[in-house]
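Peer 1: If you scroll down you'll find the structure; I have some questions about it.
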Amino acid sequence: MFETILGAFFPDSCLGCGERGSLLCAECLRSLPQASSAEFSWITSLYAYQDSRVRSLIKKIKFKNTRHGVEVFAEALAWAVTEYVGEEAMLIGKRTICLVPIPLSKKRAKMRGYNQSELLARGMLKYLDRDRFCVDTKLLVKEVETTAQADIKRKSERLMNLGGCFRATRVSRGECIFLIDDVTTTGATLRAARSELRAARFNHIHAFTIAH
């Protein structure tokens, strides 16, 4: 409600062209450069993080409490999910698909007040078949407080930083898992989450992020 009232007095301006009405207008959104191919085939990223508009909006969402900014990307990610499901129809079949946002530690969640990946997953669900898709925020938990990945430059150190920090709360019931996160760089976070889920007998895991 507060964001709605604030928006009435101070409407959003496009981070690309300055047009009033949204954080990224439709034309600027269409012009965003695609992400380069991820190192791993099981990760799908939409946009290039190097683009200043993408980077600025993600930082606003993540650190400036601009929660409604996820709506700019949610529909596009939902379409990417739909396209992937169509391409992998033979493998996925009619199984339930769980959108699993990458969790924050309790300390970081308390400090930030929200998990941007969860907001993104819930935003995506608005454009997906709710008889088929769900958002599961309890399947994966982060038990260990780690150094922020953005503060670590070496890939090897990023991988070590996240070792054993996630825990799956149950074993597979046959559903497909789509990990949801805002950004992937080396893929360390997603790899750590995927490793834990595979140990819990989940055998179809794919990841979707806004940017790479």
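Peer 1: Among residues other than Ala207 whose Cβ falls under 10 Å from its Cβ, what is the net charge (Lys/Arg +1, Asp/Glu -1)? Walk me through the numbers on the way to the answer.
Peer 2: Working: positive: Arg191, Arg194; negative: Asp181.
Its environment carries a net charge of +1.
Peer 1: Same structure, new question: Can you check how the C-alpha radius of gyration of the chain compares to 2.2 N^0.38 Å, as a plain ratio?
Peer 2: Working: Rg = 17.1 Å, N = 212, 2.2 N^0.38 = 16.8 Å.
For the chain, the normalised Cα radius of gyration is 1.01.
Peer 1: Something else: Report, in whole Å, the centroid distance computed from the Cα atoms of the range 91-143 and the range 55-84.
Peer 2: Here the answer is 13 Å between Cα centres.
Peer 1: Right, next: Please report the net charge: other residues with Cβ closer than 14 Å to the Cβ of Ser52, K and R +1, D and E -1.
Peer 2: Numbers: positive: Arg53, Arg55, Lys59, Lys60; negative: Asp51.
So the environment of Ser52 carries a net charge of +3.
Peer 1: Packing-wise, with mean Cβ within 10 Å as the measure, how do 131-144, 184-197, 44-57 rank, highest first? Intermediate values should be presented prior to the final figure.
Peer 2: On the way: 131-144: 15.9, 184-197: 21.0, 44-57: 18.9.
Result, highest mean Cβ count within 10 Å first: 184-197, 44-57, 131-144.
Peer 1: Okay, next question. So between Glu27 and Asn65, what do we pick up on full extension, going 0.36 nm a residue minus the alpha carbon distance?
Peer 2: 11.2 nm
Peer 1: For each pair in Lys106/Lys126; Lys62/Lys106; Lys110/Lys138; Lys64/Lys107; Lys62/Lys110, compute the distance between the two Cα atoms and list the pairs where it is over 20 Å.
Peer 2: Details: Lys106/Lys126 27 Å; Lys62/Lys106 16 Å; Lys110/Lys138 16 Å; Lys64/Lys107 18 Å; Lys62/Lys110 14 Å.
As for pairs spanning more than 20 Å Cα to Cα, those are Lys106/Lys126.
Peer 1: Thr44's amide H: which non-local residues (gap 5+, or another chain) put their own amide H closer than 5 Å, with H modeled 1.01 Å from N in plane and none for Pro or chain starts?
Peer 2: The answer is Ala207, Phe208, Thr209.
Peer 1: Return the FRET efficiency for the residue pair Arg55, Glu19: r is the Cβ-Cβ distance, R0 is 22 Å, and the value is rounded to the nearest 0.05. Before the final figure, lay out the partial values.
Peer 2: On the way: r = 19 Å, r/R0 = 0.87.
Given R0 = 22 Å and the Cβ-Cβ separation, E is 0.70.
Peer 1: A follow-up question, please. Just grab the label-to-label distance for Arg132 and Glu75, each label 7 Å out from Cα along the Cβ direction, in nm (one decimal).
Peer 2: Roughly 2.0 nm, to one decimal.
Peer 1: So what is the 222 nm mean residue ellipticity for the chain from helices alone, if each DSSP H run of at least 4 adds -39500 (n - 2.57) and you divide by all residues, rounding to the nearest 500 deg cm²/dmol?
Peer 2: On the way: 9 runs with 83 residues, N = 212.
Helix-only estimate at 222 nm: -11000 deg cm²/dmol.
Here, each number is a calculation from the coordinates, and none is a lab measurement. Quick caveat: nothing in here was measured; it's all calculated off a predicted structure. Don't worry about glycine lacking a Cβ; one is built from the backbone with ideal geometry, like all the others, and counts go over all protein chains shown.
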